[in-house]
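*Asks:* Have a look at this one.
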Amino acid sequence: MTQATFRARAQCEALDRNDTLQGFRDRFALPENIIYLDGNSLGALPKATPARIARLVEQEWGGDLIRSWNIHGWANLQQRVGEKIGRLIGARPGETLVADSTSVNLFKLLATAVQLRPERRIILSEASNFPTDLYIAEGLAGFVGRGHQLRALPTDAIEAAIDDDVAVVMLTHVNYRTGRMWDMARITARAHAAGALMLWDLAHSAGAVPLDLAASGVDLAVGCGYKYLNGGPGAPAFLFIAAHLQNLVSPPLSGWFGHENPFAFEPTYRPAPGIACAAVGTPPVISLAALEVGVDLMLAADAHEIRRKSLAQTRMFIDLAGQHLGPYGFTLVSPLEDAQRGSQVCLAHQAAWPIMQALIARGVIGDVRAPDILRFGFAPLYLRYVDVWDAIMQLEHVMQSGAWKEARYQAKAQVT
Ligand SMILES: *Cc1c(COP(=O)(O)O)cnc(C)c1O
């Protein structure tokens, strides 16, 4: 690992001037005097989104009413945006669909996985996975009720536990609390060697790190629309089913939008061919349109340039934290090794909550993951190198002045 040493803000200004992605920042509506390090939780607003939504609402909904399902392509929006996300994640055509939430998609794909491996009873995951992934797996295992179990183990015990009881290995590619990234191709190959299926959660990967699901031989995947894809609060999620696994078992949520011919109104369910059968009910058209704007913006950028800048910025943040925060009792939680780090840096501190509130009051927005993690997400399309510098200077100031000890920063909020 090589670490440059940053001693002046001017160095960051120079990096911004030479940044090949610098043109993208102006395509986001960012407030003045805010440094946004939470694009991994809720991506920023693309400037093109409000006009797109206004047109959809006023002209398509208001003017063309129900005819819009045909004339404005609402009926194919899930497929259309799904195909675009498929290009971002290295899927082949016909493998990706936008639908529902990440949680619901996890249920659908886990159910499919256990049906595809009927002799096996174990869903294997990390105990430190995002809670909804674990909750859904537990719920599904109980629902199936044939001795199925979620086995949630420490990270370093996962590989050795992939055996011939395991139906599906379910992992989040970039961990939400640590930013640690799995080697997708290697773990997928390990799962396949044991006859298990591999399901990746790409919530903190899509739009942040280069992905090639086809080359990695991935079976199943899900991901979020509102994080690095900038689709807006509650944006619909996506799911991926490798072509060779499609249509082998009937979809667990057999809704009419996944029927071969919804408008035949047949009394009996017949799944649509291909990924289309993973749709369930009427899609949220307004949210889908907002997501498409975010995805189009992401497709205009070079994924490898995004990764290069993301690594440069997270490395710089770690380096500056080492130089400026030494006396204040922070511990680096994220991996130092570039290949193991997603697009976030997490620092542990006993007083994580009030420190973050004091930092947010100074215009630097990150978030806290209980009990002690300060989480900083790096969205290279709109984050500048000077922002990284300024964020660390503000954090140093919060610590040096003891501002975080003020009473107003102690109160907990509902959403962290
Ligand atoms: C953000 C996130 C989710 C969120 O799921 P929703 O159904 O959209 O609430 C799920 N899994 C992981 C790993 C996440 O980071």
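The values are calculated or read from the model by the stated rules, or taken from the named source; none is laboratory data. All of these numbers come straight from a predicted model, not from anything done at the bench. Note: ideal-geometry Cβ built from the backbone for every residue, glycine included; neighbour counts use all protein chains shown.
*Asks:* Give the number of residues within the stretch 170-187 that are farther than 22 Å from residue 228 by Cα and within 16 Å of the ligand (Cβ to nearest atom).
*Replies:* Residues in the stretch 170-187 being farther than 22 Å from residue 228 by Cα and within 16 Å of the ligand (Cβ to nearest atom): 1 in total.
*Asks:* Residue 320 is checked against (1) in contact with a helix residue (DSSP H, G or I) (Cβ under 6 Å, 6 or more places away or on another chain); (2) hydrophobic (A, V, I, L, M, F, W, C); (3) under 30 Å from residue 49 (Cβ atoms); (4) crowded, with 18+ Cβ neighbours inside 10 Å and fails just one. What number does that condition carry?
*Replies:* For residue 320, the failing item is (3).
*Asks:* Is it the case that some residue within the stretch 153-161 is farther than 14 Å from residue 191 by Cβ, in contact with a helix residue (DSSP H, G or I) (Cβ under 7 Å, 6 or more places away or on another chain) and within 16 Å of the ligand (Cβ to nearest atom)?
*Replies:* No, the stretch 153-161 contains no residue that is farther than 14 Å from residue 191 by Cβ, in contact with a helix residue (DSSP H, G or I) (Cβ under 7 Å, 6 or more places away or on another chain) and within 16 Å of the ligand (Cβ to nearest atom).
*Asks:* Next up: Of all residues in the stretch 188-227 being more than 18 Å from residue 338 (Cα to Cα) and β-branched (Val, Ile, Thr), which is nearest to the ligand (Cβ to nearest atom)?
*Replies:* 222
*Asks:* Consider residue 162 against the criteria (1) under 15 Å from the mean Cα position of the chain (by Cα); (2) surrounded by fewer than 21 Cβ atoms within 10 Å (Cβ to Cβ); (3) among the β-branched types (Val, Ile, Thr): it satisfies all of them except one. Which criterion is unmet?
*Replies:* (1)
*Asks:* Please enumerate the residues belonging to the stretch 238-280 that are aliphatic (A, V, I, L, M), surrounded by 15 or more Cβ atoms within 10 Å (Cβ to Cβ) and without any contact (Cβ under 8 Å) to a residue 40 or more places away in the chain.
*Replies:* Selection gives 272 alone.
*Asks:* When both residues are 6+ apart or on different chains and their Cβ atoms are under 6 Å apart, which pairs have a first residue that lies in the stretch 97-109 and is more than 9 Å from residue 223 (Cα to Cα) and small (Gly, Ala, Ser), and a second that is assigned to a helix (DSSP H, G or I) and near the ligand (Cβ under 8 Å from one of its atoms)?
*Replies:* Pairs found: 103/132.
*Asks:* Something else about it: Going through the stretch 294-317 one residue at a time, which ones are within 17 Å of the chain's Cα centre (by Cα) and either of a type in the set (Asp, Glu) or loosely packed, with under 15 Cβ neighbours inside 10 Å (or both)?
*Replies:* Within the stretch 294-317, 296, 299 qualify.
*Asks:* Here is a follow-up. When residues of the stretch 256-270 are filtered for being under 12 Å from residue 75 (Cα atoms) and in contact with a helix residue (DSSP H, G or I) (Cβ under 7 Å, 6 or more places away or on another chain), how many remain?
*Replies:* 2
*Asks:* Going through the stretch 369-382 one residue at a time, which ones are in contact with a Ser or Thr (Cβ under 9 Å, 6 or more places away or on another chain) and under 30 Å from residue 18 (Cα atoms)?
*Replies:* Residues satisfying the conditions are 375, 376, 377, 378, 379, 380.
*Asks:* Identify all residues within the stretch 99-133 that are of a type in the set (A, V, I, L, M) and within 10 Å of the ligand (Cβ to nearest atom); write none if there are none.
*Replies:* Result: 104, 106.
*Asks:* Restricting the first residue to the stretch 116-133 and requiring it to be closer than 27 Å to residue 371 by Cβ, which pairs with a second residue that is away from the ligand (no atom under 11 Å from the Cβ) and among the hydroxyl-bearing types (Ser, Thr, Tyr) meet a Cβ separation below 9 Å and a spacing of at least six or different chains?
*Replies:* Correct list of pairs: 126/155; 127/155; 128/155; 128/178.
*Asks:* Given the structure, is residue 411 modelled with pLDDT under 95, among the small types (Gly, Ala, Ser) and surrounded by fewer than 19 Cβ atoms within 10 Å (Cβ to Cβ)? Even if it seems obvious, please write down each step before you answer.
*Replies:* Numbers: modelled with pLDDT under 95: yes; among the small types (Gly, Ala, Ser): yes; surrounded by fewer than 19 Cβ atoms within 10 Å (Cβ to Cβ): yes.
Yes: the conditions hold for residue 411.
*Asks:* To continue, here is another question. Considering only residues that are assigned to a loop (DSSP other than H, G, I, E, B) and touching a residue at least 60 places away in the same chain (Cβ under 8 Å), which ones fall in the stretch 3-31?
*Replies:* Residues satisfying the conditions are 3, 4, 5, 6, 19, 20, 21, 30.
*Asks:* May I pose another question? If you go through the stretch 212-228, how many residues are buried (at least 24 other Cβ atoms within 10 Å of the Cβ), assigned to a loop (DSSP other than H, G, I, E, B) and either free of Cβ contacts under 8 Å to residues at least 12 places away in the same chain or in contact with a His (Cβ under 9 Å, 6 or more places away or on another chain) (or both)?
*Replies:* Going through the stretch 212-228 one residue at a time, the tally reaches 4.
*Asks:* Which one of 234, 255 is within 15 Å of the ligand (Cβ to nearest atom) and of a type outside the set (S, T, N, Q)?
*Replies:* One residue alone meets the criteria, 234.
*Asks:* Does the stretch 14-21 contain any residue that is modelled with pLDDT of 95 or more, touching a His at 6+ places or on another chain (Cβ under 8 Å) and closer than 30 Å to residue 179 by Cα?
*Replies:* Pass one, the stretch 14-21, residues modelled with pLDDT of 95 or more: 14-21.
Now restrict to residues that are touching a His at 6+ places or on another chain (Cβ under 8 Å): none.
No, because not a single residue in the stretch 14-21 is modelled with pLDDT of 95 or more, touching a His at 6+ places or on another chain (Cβ under 8 Å) and closer than 30 Å to residue 179 by Cα.
*Asks:* Could you check, for the stretch 318-331, whether at least one of its residues is of a type in the set (D, E, K, R) and in contact with a Lys or Arg (Cβ under 8 Å, 6 or more places away or on another chain)? Lay out the reasoning, then the answer.
*Replies:* Of the residues in the stretch 318-331, the ones of a type in the set (D, E, K, R) are 319.
Filter again for in contact with a Lys or Arg (Cβ under 8 Å, 6 or more places away or on another chain), leaving none.
No, because not a single residue in the stretch 318-331 is of a type in the set (D, E, K, R) and in contact with a Lys or Arg (Cβ under 8 Å, 6 or more places away or on another chain).
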